[in-house]
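S.K.: This structure is in structure tokens; I'll ask about it shortly.
The values are calculated or read from the model by the stated rules, or taken from the named source; none is laboratory data. The structure presented is a predicted model; accordingly, all values stated were derived computationally and were not measured. Backbone-built Cβ (ideal geometry, glycine too); neighbour counts: all protein chains shown.
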Amino acid sequence: MADQFDRGVVLNRAGAGAQIDEGLRAHMLRVYNYMVTGLALTGAVAYIVSATPALLSLFYTVTPQGYPTATPLGWIAIFSPLAFVLVLSFGIQRMKASTGQILFWLFAGVMGLSLSNIFNIYTGESIARVFFITAATFAAMSLYGYTTKRDLTAIGSFLMMGLFGIIIASVVNIFIGSTMVQFVVSVLGVLIFVGLTAHDTQKIKQMYAAADGSEIAGKKAIMGALSLYLDFINLFLLLLRLFGNNR
């Protein structure tokens, strides 16, 4: 009787583990689907605007010296994604998952407006090349974050401090205009976002484990997709700054 009871306990635990595993896989697939769809929407909007001179002129103009510059509407497009990130980050708990999903799609579309000028700065070939490099790097680090047993929490805190450091250095470099500082910031930024990709993927797994109910899980999937989206976009832009060919 005791042996039968022990076997029942083991089988029940194995069944629960398999159910959690299946639920986690479905959750991660949902996160990645949101992220990839958001990236596709961003790319489509950026390309359409860049390929339509009438639309592009609303956001960017070219100076007599040949340098692109943002119009007032362009500056709004550049800073609007930050507003969406703040609203989602601080307001997701007070809104429905469906509302958060709509805001995420709007964020991805506005991000496309802010990035529409890269097609006029860099060659299409170099953009495609850097995109595939970014995708391969992102996939490798996200897989590491998903499978590793090592706790990346401490590394994530260190990387966040580094992120704030390069943001401050970038702001200072606006006034200095040093190409060396820009290069160093770009290299460090790549390393930081490579690490954050693994850290954020592991964090999404932990967030799922703490989720209680489908509504909360839906909100966590949106926020997880937002984190990975930002990691991918920033990694792509930094690599583009390093390896992109100017027109």
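S.K.: Restricting the range 174-201 to residues that are touching a residue at least 40 places away in the same chain (Cβ under 8 Å) and aromatic (Phe, Trp, Tyr), which is surrounded by the fewest Cβ atoms within 10 Å (Cβ to Cβ)? Lay out the reasoning, then the answer.
M.R.: Here is the first cut: in the range 174-201, the residues touching a residue at least 40 places away in the same chain (Cβ under 8 Å) are 182-183, 186-187, 189-190, 193-201.
Restricting the remaining residues to those that are aromatic (Phe, Trp, Tyr) gives 183, 193.
Working: Phe183: 12, Phe193: 27.
Going through the qualifying residues, I end up with Phe183.
S.K.: With the structure loaded, tell me whether Ala211 is outside any helix (DSSP H, G or I) and either closer than 27 Å to Arg25 by Cα or modelled with pLDDT of 90 or more (or both) or whether it fails that test.
M.R.: Values: outside any helix (DSSP H, G or I): yes; either closer than 27 Å to Arg25 by Cα or modelled with pLDDT of 90 or more (or both): yes.
Answer is yes for this residue.
S.K.: From Thr153, Thr147, Thr99, which residue is of a type in the set (Ser, Thr, Tyr) and either modelled with pLDDT under 90 or under 19 Å from Val36 (Cβ atoms) (or both)?
M.R.: On the way: Thr147 fails: either modelled with pLDDT under 90 or under 19 Å from Val36 (Cβ atoms) (or both); Thr99 fails: either modelled with pLDDT under 90 or under 19 Å from Val36 (Cβ atoms) (or both).
The match here is Thr153.
S.K.: Looking at Ala83, is it of a type in the set (Gly, Ala, Ser), loosely packed, with under 14 Cβ neighbours inside 10 Å and over 25 Å from Ile216 (Cβ atoms)? Reasoning before the result, please.
M.R.: On the way: of a type in the set (Gly, Ala, Ser): yes; loosely packed, with under 14 Cβ neighbours inside 10 Å: yes; over 25 Å from Ile216 (Cβ atoms): no.
No; evaluated as a whole, the condition is false for this residue.
S.K.: As an exercise: evaluate Val184 against (1) closer than 22 Å to Tyr229 by Cβ; (2) at pLDDT 85 or above and give the number of the one condition it does not meet.
M.R.: Val184 satisfies all of (1) closer than 22 Å to Tyr229 by Cβ; (2) at pLDDT 85 or above except (1).
S.K.: Being at pLDDT below 95, under 20 Å from Ser214 (Cβ atoms) and either in contact with a Cys (Cβ under 6 Å, 6 or more places away or on another chain) or in a helix (DSSP H, G or I) (or both) narrows it down to one residue among Ala14, Ala46, Ala26, Ala54; which is it? Steps first, please.
M.R.: Values: Ala14 fails: under 20 Å from Ser214 (Cβ atoms); Ala46 fails: under 20 Å from Ser214 (Cβ atoms); Ala54 fails: under 20 Å from Ser214 (Cβ atoms).
Sole residue among the options that is at pLDDT below 95, under 20 Å from Ser214 (Cβ atoms) and either in contact with a Cys (Cβ under 6 Å, 6 or more places away or on another chain) or in a helix (DSSP H, G or I) (or both): Ala26.
S.K.: Please enumerate the residues belonging to the range 149-200 that are part of a helix (DSSP H, G or I), over 22 Å from the mean Cα position of the chain (by Cα) and among the hydroxyl-bearing types (Ser, Thr, Tyr).
M.R.: Thr179
S.K.: Still on this structure, I have one more. For the list (1) more than 27 Å from Ala54 (Cα to Cα); (2) assigned to a helix (DSSP H, G or I), I need the number of the one condition that Ala128 fails.
M.R.: For Ala128, the exception is condition (1).
S.K.: Would you confirm whether or not the range 222-234 contains a residue that is under 15 Å from the mean Cα position of the chain (by Cα), assigned to a helix (DSSP H, G or I), free of Cβ contacts under 8 Å to residues at least 60 places away in the same chain and crowded, with 18+ Cβ neighbours inside 10 Å? Don't jump to the end; show me each part of the working.
M.R.: The initial filter retains those residues of the range 222-234 that are under 15 Å from the mean Cα position of the chain (by Cα), namely 222-234.
Adding the requirement that they be assigned to a helix (DSSP H, G or I) leaves 222-234.
After this cut, where a residue has to be free of Cβ contacts under 8 Å to residues at least 60 places away in the same chain as well, the list is 227, 234.
Now narrow it down to the ones that are crowded, with 18+ Cβ neighbours inside 10 Å: 227, 234.
Yes; the residues of the range 222-234 include at least one that is under 15 Å from the mean Cα position of the chain (by Cα), assigned to a helix (DSSP H, G or I), free of Cβ contacts under 8 Å to residues at least 60 places away in the same chain and crowded, with 18+ Cβ neighbours inside 10 Å.
S.K.: Determine which single condition Thr61 fails, assuming it passes every other condition in (1) in a helix (DSSP H, G or I); (2) without any contact (Cβ under 8 Å) to a residue 40 or more places away in the chain.
M.R.: Looking at each condition in turn, Thr61 falls short on (1).
S.K.: Determine, yes or no, whether Phe119 is modelled with pLDDT under 95, under 14 Å from the mean Cα position of the chain (by Cα) and crowded, with 17+ Cβ neighbours inside 10 Å.
M.R.: Numbers: modelled with pLDDT under 95: yes; under 14 Å from the mean Cα position of the chain (by Cα): no; crowded, with 17+ Cβ neighbours inside 10 Å: yes.
So Phe119 fails the test.
S.K.: Scan (1) under 18 Å from Leu29 (Cα atoms); (2) buried (at least 20 other Cβ atoms within 10 Å of the Cβ); (3) in contact (Cβ under 8 Å) with a residue 60 or more places away in the chain; (4) touching a Leu at 6+ places or on another chain (Cβ under 7 Å) for the single condition Met141 breaks and write down its number.
M.R.: (4)
S.K.: Evaluate the following for Met207: is it in contact with a Lys or Arg (Cβ under 6 Å, 6 or more places away or on another chain), surrounded by 13 or more Cβ atoms within 10 Å (Cβ to Cβ) and not small (Gly, Ala, Ser)?
M.R.: The answer is yes for Met207.
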